1. Greater than 23 Å separation of Cα atoms is the criterion. Which listed pairs, A:LYS121/B:LYS178; A:LYS23/A:LYS54; B:LYS178/B:LYS201; A:LYS54/B:LYS178; A:LYS121/A:LYS187; A:LYS124/B:LYS178, meet it?
2. Given the protein assembly as shown, report the % of alpha carbon pairs whose separation exceeds 42 Å.
3. Once you compute Rg and the Kirkwood Rh from C-alpha atoms, what is the Rg to Rh ratio for the range B:147-266?
4. Select from B:ALA120, B:ALA167, B:ALA133 the residue whose mean-square fluctuation is largest in a Gaussian network model of chain B (Cα-Cα springs shorter than 10 Å).
5. Using Cα centres only, tell me the gap between the range A:208-259 and the range A:65-115 in whole Å.
6. For chain B, with a Gaussian network of springs between Cα atoms less than 10 Å apart, report the residue from B:GLU163, B:GLU247, B:GLU148 with the top mean-square fluctuation.
7. Under a Cβ-only charge scheme (Lys and Arg +1, Asp and Glu -1), can you give me the dipole magnitude of the range A:101-194 about the Cα centre, in debye to the nearest 20?
8. Any idea what angle helix B:61-88 forms with the longest principal axis of chain B, computed on alpha-carbon atoms, 0 to 90 degrees, nearest 10?
Amino acid sequence: MAEASNPVAAESSPLIAIDRLNKWFGRDHVLTDLSLALSNGERLVICGPSGSGKSTLLRCINGLEPHQSGTIVVDGTPLTRQSSALERVRRDVGMVFQSFNLFQHLTVLENCVLAPLWVRKQSKPQAEATAVDYLHRVHMGDYIGSYPGQLSGGQQQRVAIARALCMQPKVMMFDEPTSALDPEMTKEVLEIILALSTTGMTMICVTHEMAFARQIADRVMFMDRGQLIEQGSPADLFERPQTERLRVFLNQVLRERRS
Amino acid sequence: MSPEAPHRTANFGVKVWLTWVALLGLLVWLFVSLHLDFGYAKQKLPYLLGVRLTPDGFIQGAALTLFVTACSMICALLVALLTALGRMSSNPIGFGIATFYASLFRGTPLLVQVLIFYLALPQVGIVLGALSAGILALSLNYGAYLAETIRSGMMGVAPGQREAGMALGLPRWLIVWKITGPQALRLIIPPAGALFISMLKDSSLVSILGLWELNFLAQSYARASYHYMEMLICAAVIYWMLSIVFEVIQHRLELRFGRGVESSGR
């Protein structure tokens with residue numbers, strides 16, 4: 001387990017360092033003593049049954065959910081409930097939601113330039129040029145004037161990815177990005193994420209797509225009931241599960257695939 | 001105002017207009033057949049509309065009605081915003097004040113409130129002018145209703161919109177200003193517009209305070225000349241025209257803040 005003791009030396013220390021994180025929803029202990037270190041350029045996939053705390057972990061990393069104990073340090077900034085710390089961390093951590101969450105009243109281009117204009121203080125032409133560039137990369141360049149309500153789910157999710165990238169984040173988090181999509185759209189979104197992974201972007205991805213996980217991940221984490229059960233390379237984890245819980249989970253996933 | 005349902009034919013709108021014209025013609029014919037004498041009403045019309053000032057140089061008629069309504073709209077909006085914030089806050093005192101105020105002012109008649117502010121308060125040494133008492137009563141009464149409209153509008157914006165803004169590192173005020181606020185406005189404008197139109201008409205209640213607004217003038221001219229029908233019809237028509245102007249403004253605003261929803265065909 002990596003030590004997260006020296007967050008000052010940004011070069012050697014991990015980009016995200018989580019130490020004994022605990023989170024409760026009321027009486028529900030949703031994250032238990034969870035520690036994690038993510039280094040620059042690493043691609044982490046988190047899998048596990050629903051309700052295992054995967055999404056909550058992502059939401060804790062950018063402070064959408066408060067945690068009760070333990071520390072989260074993102075790129076040298078300890079995450080507190082202070083808005084200055086929260087905003088600094090969120091600026092550098094891009095997030096893609098299961099339900100896209102595009103701003104419904106803004107066009108595709110306006111969605112992409114809002115944060116760069118106001119948070120990064122970019123000039124309008126500069127922000128728009130960056131946005132158009134990213135929108136082309138996610139194959140949405142022809143839709144910059146459309147409203148989210150006019151797009152398919154897959155198209156919306158690709159815009160959401162471009163919107164997050166426009167902030168030039170240091171790490172991208174994907175929270176089950178394809179769970180709300182049909183197989184055809186799932187494919188087009190996964191291809192975009194796969195292409196992004198080859199650019200050296202640091203990524204954390206929560207997904208149920210095991211084939212995709214194997215393709216993209218440097219490391220896979222298996223969580224169950226708020227605990228980190230096993231982690232390792234995709235080959236190790238999927239071929240040689242060490243725990244009963246992971247074996248049961250993998251069998252279930254495979255059975256779902258066949259049926 | 002605009003036909004939206006898909007099964008309606010292309011000339012639906014034309015037929016609606018023709019129906020309106022027919023009904024209006026019927027109404028006019030009805031009044032004409034009563035052989036009313038609008039000569040006196042015509043003579044008093046500039047006063048009713050308020051294009052002439054009162055002998056002591058104050059606005060009157062429809063102009064005063066609009067002035068009272070506009071002042072009350074602004075005050076009601078401020079009160080309603082504060083109350084809505086209180087209703088949504090986790091502070092028990094703020095929540096308590098907001099709910100108490102809303103319950104009190106929604107649970108008592110506007111007319112009683114107007115009279116308390118104007119006639120009852122002087123008894124305990126607080127003397128308000130007719131104008132300020134009327135505006136205060138209208139503002140506090142309508143503020144209570146408007147607060148609920150604003151609150152439900154804010155609650156109607158999907159929580160994911162706010163979260164997406166937070167995840168991008170936007171500060172809280174900017175999320176309200178650029179993301180949740182405009183989307184809530186889309187939900188708030190139709191019921192708020194209805195409230196403001198209703199306020200325009202309820203401003204006639206302040207006539208009992210002796211303010212020379214539209215209803216007061218119509219009634220006093222009617223009493224003086226015994227032309228009740230003519231004067232009250234004139235007042236009604238002016239109120240109606242003003243309401244239509246309000247409706248048009250509301251419709252414009254709806255279009256402006258409906259961006260992104262209209263186009264998806266909902």
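1. From A:LYS121/B:LYS178; A:LYS23/A:LYS54; B:LYS178/B:LYS201; A:LYS54/B:LYS178; A:LYS121/A:LYS187; A:LYS124/B:LYS178, over 23 Å: B:LYS178/B:LYS201; A:LYS54/B:LYS178; A:LYS121/A:LYS187.
2. 41 percent
3. 1.21
4. Among B:ALA120, B:ALA167, B:ALA133, the largest GNM mean-square fluctuation belongs to B:ALA167.
5. Between the Cα centre of the range A:208-259 and that of the range A:65-115, the gap is 28 Å.
6. Maximum among the listed residues: B:GLU163.
7. 480 debye
8. Value to nearest ten degrees: 20.
Computed from the coordinates by the stated procedures, all read-outs in this text should not be read as laboratory data. Predicted, not measured: the structure shown is a model, and the values here were computed from it. Every residue, glycine among them, receives a Cβ derived from its backbone with ideal geometry; neighbour counts consider all protein chains shown.
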